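See below for the structure under consideration.
Each reported figure results from applying straightforward, stated rules to the coordinates on display, with no laboratory input. All of these numbers come straight from a predicted model, not from anything done at the bench. Neighbour counts run over all protein chains shown; Cβ positions are idealised from the backbone, glycine included.
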Amino acid sequence: MRPHPGTDGGLPASLPMGTADVAYHLAMGGRPLPTGLVFGFSGRAPALDAVRARVAERAHRIPALRYRIARDRTAFSRVDRIAVEHHVHEAWLPGDDDGSGAGRLMLSRPMGGDDRPPWDVWLVHGPTGGHSLCYRTDHTFQDGVGAAHTARALLDDDPRGGPAPHRRAWPTARGLAGALGDVAASLRPSAKPAFDLPGSGRTGMCQAVVPLARVRAVGRAHGATVNDVFLAALAHATGTWHAKNTGSPHPPLPVAVPMSVRGPGEECAPGNRIVVARVLLPCDAPSPHHALERIKERTTVLRTSRQRDALRLLLTAGPRTVGARVGTRMVHGRTVAGPASSVNFGAALVHQGSTARRAVVYSGLGAGIRCVTTLTSQHDTACLALMYDEALSTADELPDLWLAGLLELERS
């Protein structure tokens, strides 16, 4: 097991990349893949100097912010001095009416070079006094749950809480068989007619915001989790969208569902602590209710068989380059439409007395992926975000179709 630095100041000079880190490095050919969180606020924005002062006060105590990527050695190297002025920036987006402009900016702006840690913070001014705080990193360096913990530790007035840690356990035989089955499925192409288009190289982003209580109420009524409801409504939205554009039903759509294996004490450790499960979204289901029942069957097996731990053991049992090659196949546009990720950030971020209205996990596209979908829960709000290749010219319809699927689930 690779070491993970704590918060007591004893940081090793270098850390080897983990299997998932090497997988992202291989998939992107060494190029950065931006990922992170956007927090939307109402009211007056803080001064840039105040944000920089907060970052300067805390960054040196957060392990994930103290390393850079040494790509030639597939390792992370410690940086002893953080030049805050190179990491904290400001931008103005007066036309960002729907709140997704900050995310699009984070996906399009170049990231810093390899001579400094791969993260930055942006204060983005929007219209009518609104503003966003954005924490951005390179996905080779950090996964979404790690980014959530780091963003809270860096920016929150009371930096406690966040996503729950994963408690490791031994998988069942069914979990091991399921993990092997997912790996085997990644060796062959999958039918994804709505997403099998030549890429444009340009990334769009759109989103929809909904009260979290609505999603939870649907889950309680149907014996499902928030993640189950998210995936079922996404299946319905994709099927409806494809039928509208082609007149044909869409076959079950393979997506990669990231699952955190970040344990206690690893909250702000550098590196990716994730595995992915292959889930077929039942886009051909006759209703969102039927889609939800099929999703529940799959996720129940994932949980009870502890397939998450089976995948962790499987991908780290041998040389990391072998596990990384397997990982790149499991999250590639040949075999899945893209990741579909749900992150519960927990209590709302509070920065200098101002409470964020919503949080959004975002990610760029790579490895032939045409679409990444996230659902980020914060306090009483959930935000669905869709990052898509602009070759999918009508993909911005999907958030509204997802909301329509949620409404049907409420009525069923």
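A few remarks follow.
- Theoretical gain in end-to-end length, VAL79 to SER108 [0.36 nm per residue, Cα-Cα removed]: 7.9 nm
- Along principal axes, Cα extents of the range 350-412, largest first, whole Å: 41, 36, 16
- Within the range 283-327, backbone nitrogen closer than 19 Å to the virtual label 7 Å beyond the Cα of ALA404 toward Cβ: 283-292
- Ranked CYS283, CYS268, criterion: other C-beta atoms within 10 Å, fewest first: CYS283, CYS268
- Sorted by Cβ density within 10 Å, fewest first, the residues LEU155, LEU197: LEU197, LEU155
- q = 0.12, 0.16, 0.21 Å⁻¹, the range 146-222: log10 I(q)/I(0) [Debye, one scatterer per Cα]: -0.91, -1.27, -1.03
- Loop-located trypsin sites (Lys or Arg not before Pro) in the range 133-168 whose Cβ has at most 14 other Cβ within 10 Å (DSSP): ARG160, ARG167, ARG168
- Translational diffusion of the range 14-155, estimated by Stokes-Einstein from the Kirkwood radius over alpha carbon pairs at 10 °C in a medium of 1.306 mPa s, is 102 µm² per second.
- Evaluated over the Cα positions of the range 202-306, the convex hull gives a direction-averaged projected area, one quarter of its surface, of 9.2 nm².
- Gaussian network model of the chain, springs between alpha carbon atoms under 10 Å - residue of GLY18, GLY129, GLY333 with greatest fluctuation: GLY129
- Among PRO211, PRO63, PRO117: highest mean-square fluctuation, GNM of the chain, C-alpha pairs under 10 Å: PRO211
- Within a Gaussian network of the chain (alpha carbon springs, distance under 10 Å), most fluctuating of ARG188, ARG214, ARG104: ARG188
- Neighbour counts of C-beta atoms inside 10 Å place SER341, SER260, SER200 in the sequence SER200, SER260, SER341, starting with the fewest.
- The ratio of the alpha-carbon radius of gyration of the range 256-382 to the globular-protein estimate 2.2 N^0.38 Å is 1.20.
- Here the chain was treated as a single set of alpha-carbon atoms; its pair distances binned every 10 Å from 0 give 5, 23, 34, 27, 10, 1, 0 percent.
- Mean separation of Cα contacts under 8 Å, 6 or more apart, over the residue count of the range 14-155: relative contact order %: 38
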